[in-house]
Amino acid sequence: MELTSLELDMLAGKHGEGVALAMKVQVGTGKAFYAKRMVPITRTHVAASAQEGDLYFVTKLLDLGARCVVSPTTNPSMDTGYVEEHLGPLTDEGRDRVQASNDAYRRIGATLTLSCTPELEKNVPAFGEVVAFSESSATPYVNSVLGARSNRESSISALCAAVTGRVPEYGLLLDENRKGEVLVEVEAKIEDDFDWSLLGYAYPQKYKGAEVPVFTGIEKRATPEGFVQFGAELATSGAVAMYHIAGITPEAPTVEAAFGGNAVKHRVTITDADLDRVREQFSGESGPIEYAMLGCPHLTIRQVGEVAALVDGKQLAVDTWILVSSLTLELAERMGFLGVIQRAGGHVVADTCMDIPGCWDAYYGRPGVTESQKCAFYCQVYGQRYAVRPLAQAVQAALAGEVVK
Ligand code: F3S
């Protein structure tokens, strides 16, 4: 790699040992991907969720004197006050880790947004902007829907970018790697947000490669929430960091433009039967449930409004958790949705993720409902048994206390 004199100084420790460590990680990554140089970034998002490994790395950088030059937004951690009040206290170790994590990111210069949908609010890149975003739904969204440029960063590589202000130039930062290679002919009907999440999970089950797919046969643009869920599932079931939708996403005005001269390397067809297979895979068992977990990724204010309309004047039969950003919580209060949901017995909580060890132990091994395949997929490790339903059906299940096929 050719490094500028400033970058060589960073690597040599002239800007401190923390910067040197971050630069070492990035130069190593760049060499592994045959990057020729580093390029500046203007935004970062660090998908750290109070996990032990992330805390270790941010603490190490801090101890070595590093500070962010591009302040990253951060993933959710846990609202220790509200959730503990309702589910009982965390272990000391759990509470200490959440607090240490928030404290470490604050001290290194992150902006503690504590939300997994930075691409919708507070950290929204423009077309062509070079950024370093980690988080499954965020990376495909910024590349595909916004036309910004990010590789599929980890929480650690995104933090290194925040500290050095640059990234190695490879992968999706380069024009030639943003062109399509896989033609995906969608014959299935894609009508609502849930269909987008099914499509996102279904595609990698038919083709595992990380090449950029070009989806055709879709006439109606997804809502922002539909795009968020589509990207989250593409990156849960597979490793897709960028896609095109012909006639819809900005770098794909036509199928030809999306391929940009590339030959079609693979062809995939997605039918209603493929979507039904994913629906069935996550349908869970019919019968009583003990809780509902909604908002993985975080629900938007429109979705919170939908939930409020469904529960208005009723009582939820089971614990119902709605995970949102702090801005959405504030908006929910202003719009009156918060009061409606709370009167129905539901909880709207900011800053929190469904994958925080120690946070949701009360539900381990128990049946619940969610609107998110991602939530169901990752929580299997904790023995949480989720039935996945479209948002409105999940809320109906929470009102009834049971899921039906
Ligand atoms: Fe967000 Fe945590 Fe799900 S970060 S997408 S709530 S796993």
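Summary table
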read-out: Positions within region 304-358 being more than 16 Å from the ligand (Cβ to nearest atom), acidic (Asp, Glu) and either under 23 Å from Thr117 (Cα atoms) or out of contact with any Gly (no Cβ under 9 Å at 6 or more places or on another chain) (or both), in sequence order; value: Glu306, Asp312, Glu330, Glu333
read-out: Yes/no for Tyr378 being within 14 Å of the ligand (Cβ to nearest atom) and either out of contact with any strand residue (DSSP E or B) (no Cβ under 9 Å at 6 or more places or on another chain) or in the same structural domain as Ala50 (by TED's automatic domain parsing) (or both); value: no
read-out: Within region 84-120, considering residues that are under 16 Å from Ala158 (Cα atoms) and aliphatic (A, V, I, L, M), the one surrounded by the fewest Cβ atoms within 10 Å (Cβ to Cβ); value: Leu112
read-out: Residues (among the charged types (D, E, K, R) and within 14 Å of the ligand (Cβ to nearest atom)) located in region 68-85; value: Asp79
read-out: Matching residues, region 121-135, being within 16 Å of the ligand (Cβ to nearest atom) and either surrounded by fewer than 22 Cβ atoms within 10 Å (Cβ to Cβ) or on the phi > 0 side of the Ramachandran plot (or both); value: Glu121, Lys122, Glu135
read-out: Among residues of region 359-375, those that are within 13 Å of the ligand (Cβ to nearest atom), assigned to a loop (DSSP other than H, G, I, E, B) and not hydroxyl-bearing (Ser, Thr, Tyr), counted; value: 3
read-out: The lone exception for Leu62 - which of (1) buried (at least 19 other Cβ atoms within 10 Å of the Cβ); (2) more than 14 Å from the chain's Cα centre (by Cα); (3) not charged (D, E, K, R) it fails; value: (1)
read-out: Boolean, Ala222 is in contact with a Phe, Trp or Tyr (Cβ under 6 Å, 6 or more places away or on another chain), in a loop (DSSP other than H, G, I, E, B) and not assigned by TED's automatic domain parsing to the domain that holds Pro118; value: yes
read-out: Flag for Ala263 being closer than 20 Å to Glu371 by Cβ, in a loop (DSSP other than H, G, I, E, B) and touching an Asp or Glu at 6+ places or on another chain (Cβ under 9 Å); value: no
read-out: Answer from Ala22, Ala50 - the residue that is among the aliphatic types (A, V, I, L, M), at positive phi and in contact (Cβ under 8 Å) with a residue 12 or more places away in the chain; value: Ala50
read-out: The one condition in (1) crowded, with 19+ Cβ neighbours inside 10 Å; (2) not in a loop (DSSP other than H, G, I, E, B) that Arg152 fails to fulfil; value: (2)
read-out: For Ser77: the one exception among (1) over 22 Å from the mean Cα position of the chain (by Cα); (2) modelled with pLDDT under 95; (3) not charged (D, E, K, R); value: (1)
read-out: Residues within region 123-146 that are aliphatic (A, V, I, L, M) and free of Cβ contacts under 8 Å to residues at least 24 places away in the same chain, tallied; value: 3
read-out: Close pairs from region 287-298: first within 12 Å of Val388 (Cα to Cα), partner within 14 Å of the ligand (Cβ to nearest atom) and acidic (Asp, Glu), Cβ under 6 Å, at least 6 apart; value: Leu294/Glu371
read-out: Total residues in region 77-122, condition in contact (Cβ under 8 Å) with a residue 12 or more places away in the chain, among the basic types (Lys, Arg) and more than 27 Å from Glu233 (Cβ to Cβ); value: 3
read-out: Set Gly339, Gly368, Gly346: member being outside the structural domain of Asn102 (by TED's automatic domain parsing), without any contact (Cβ under 8 Å) to a residue 12 or more places away in the chain and over 18 Å from the mean Cα position of the chain (by Cα); value: Gly339
read-out: Filter pass, Glu17 being within 26 Å of the chain's Cα centre (by Cα) and over 20 Å from Ser154 (Cβ atoms); value: no
read-out: Some residue of region 11-20 being crowded, with 17+ Cβ neighbours inside 10 Å, in a loop (DSSP other than H, G, I, E, B) and at pLDDT below 90; value: no
read-out: Matching residues, region 293-313, being within 14 Å of Gly339 (Cβ to Cβ) and not aliphatic (A, V, I, L, M); value: Gly305, Asp312, Gly313
read-out: Residue among Val388, Val395 that alone is at negative phi, crowded, with 24+ Cβ neighbours inside 10 Å and more than 16 Å from the ligand (Cβ to nearest atom); value: Val395
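The values are calculated or read from the model by the stated rules, or taken from the named source; none is laboratory data. These numbers were taken from a predicted model, which means no experiment stands behind them. Virtual Cβ from ideal backbone geometry, glycine too; neighbours counted across all protein chains shown.
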